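Remarks on the structure that follows.
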Amino acid sequence: MQRYFVAAEQFGDSKVRIVGEDAHHAVRVMRTKPGDKFIVSDGQSRTALVSVLEATPSIIKAEIVEMMDNDSEPEWAVTIAQSLPKADKMELVIQKGTEIGAFAFIPFQSERMIVQYDAKKEAKRIERWSKIAKEAAEQAHRSRIPVIEPLHSWRELMKSAAEYDLVLFCYEREGHLAHGRGIRTAVQQWASRIDAVSNPKVLLIVGSEGGFTDREAAEAEAAGAVLVGLGRRILRTETAGIVGLTCLLYESGEMGGA
């Protein structure tokens, strides 16, 4: 069933309004008409099954048929910090990460980042990424849209590490046979050191095409991050975050794990 996110002010006690591009899409593409039903969420605490009363390309008015449980969000709030990759790879990370269950995304700058960052394009890029996250959240029947943070410097990212219950730094050396510390080991060691945390906040840090330097790994560890590998194979930058997120949600029990 089609799902749309609306602003809180469009979500009333008994009726909802859908406007702008969503209304246009519903009427012109989905051929929505009075009597049709779909799901509407305010992206926070309210989700409802609604029935269309009026439908035009500029506005849809619908009545609430029943309120629904917001049970599609993972208990672990995992933020993917992704060093800015080339081309449209960040779009893939955001799209697939949103489908899987990422809480937020932080693009950041690292030493071996290949792409040339253009500050003039940042606002437009964030707008594009936010739209991709919204569409992916609708497709996946999420109850909220992941936040896309502004581009962080390396120092800003390291400073933010203190805000999380667990920080994992994806480092290819940890994936080699001589090291072997993976996400499962890191999660088990973390859980054994502290009491159970309700809705833990986890930061997963992923490098760009060039990977991380030894200095960055040392600074991340000094900031409280746990260095982890994602297996003995070298993953592409756009693959690493998706794999890491999936492993974390499995270990949390979200996908039938522990």
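Things to note:
- Computed over the chain with a Gaussian network model linking Cα atoms closer than 10 Å, the most mobile of Met68, Met90, Met113 is Met68.
- Nearest-0.05 FRET efficiency for Tyr250 and Val65, computed from C-beta distance (R0 25 Å): 0.10
- Electrostatic bookkeeping for Lys201 treats Lys and Arg as +1 and Asp and Glu as -1; over the other residues with beta carbon under 12 Å from its beta carbon, the sum is -3.
- Rel. contact order, % - alpha carbon contacts under 8 angstrom, at least six apart, segment 77-251: 34 percent
- Cα centroid of segment 231-258 to Cα centroid of segment 20-46, whole Å: 33 Å
- Of Asp69, Asp165, Asp42, the residue with the greatest mean-square motion in the GNM of the chain, using alpha carbon springs below 10 Å, is Asp69.
- Fraction of antiparallel bridges per DSSP, the chain only, in percent to nearest 5: 45 percent
- Given +1 at the Cβ of Lys and Arg, -1 at the Cβ of Asp and Glu and no other charges, the dipole of the chain around its Cα centre is 660 debye to the nearest 20.
- Tilt relative to the chain, helix 183-193 - C-alpha long axis, 0 to 90 degrees, to 10: 90 degrees
- In the elastic network of the chain, a GNM with C-alpha springs shorter than 10 Å, the most mobile of Ser160, Ser208, Ser41 is Ser160.
- In loop segments of segment 39-103 as defined by DSSP, the trypsin sites (Lys or Arg not before Pro) with at most 16 further C-beta atoms inside 10 Å of their C-beta are Lys86.
- Efficiency of FRET between Gln2 and Lys121 - r from beta-carbon atoms, R0 30 angstrom, step 0.05: 0.40
- For Ala218 and Glu135, a Förster radius of 41 Å and the Cβ-Cβ distance give a FRET efficiency of 0.60, rounded to the nearest 0.05.
- Angle between the chain longest axis and helix 122-139 axis [Cα atoms, degrees, rounded to 10]: 70 degrees
- Ellipticity estimate at 222 nm from DSSP helix runs (n ≥ 4, -39,500 (n - 2.57)) divided over the chain, nearest 500: -9000 deg cm²/dmol
- Column: log10 I(q)/I(0), Debye, Cα scatterers of segment 60-116, q = 0.15 Å⁻¹: -0.60
- Taking Cα atoms only, the orientation of helix 237-251 departs from the longest principal axis of the chain by about 80 degrees.
No value in this document is a laboratory result; all are computed from the given coordinates. The structure presented is a predicted model; accordingly, all values stated were derived computationally and were not measured. Reconstructed Cβ throughout: ideal geometry from the backbone, glycine too, with neighbour counts over all protein chains shown.
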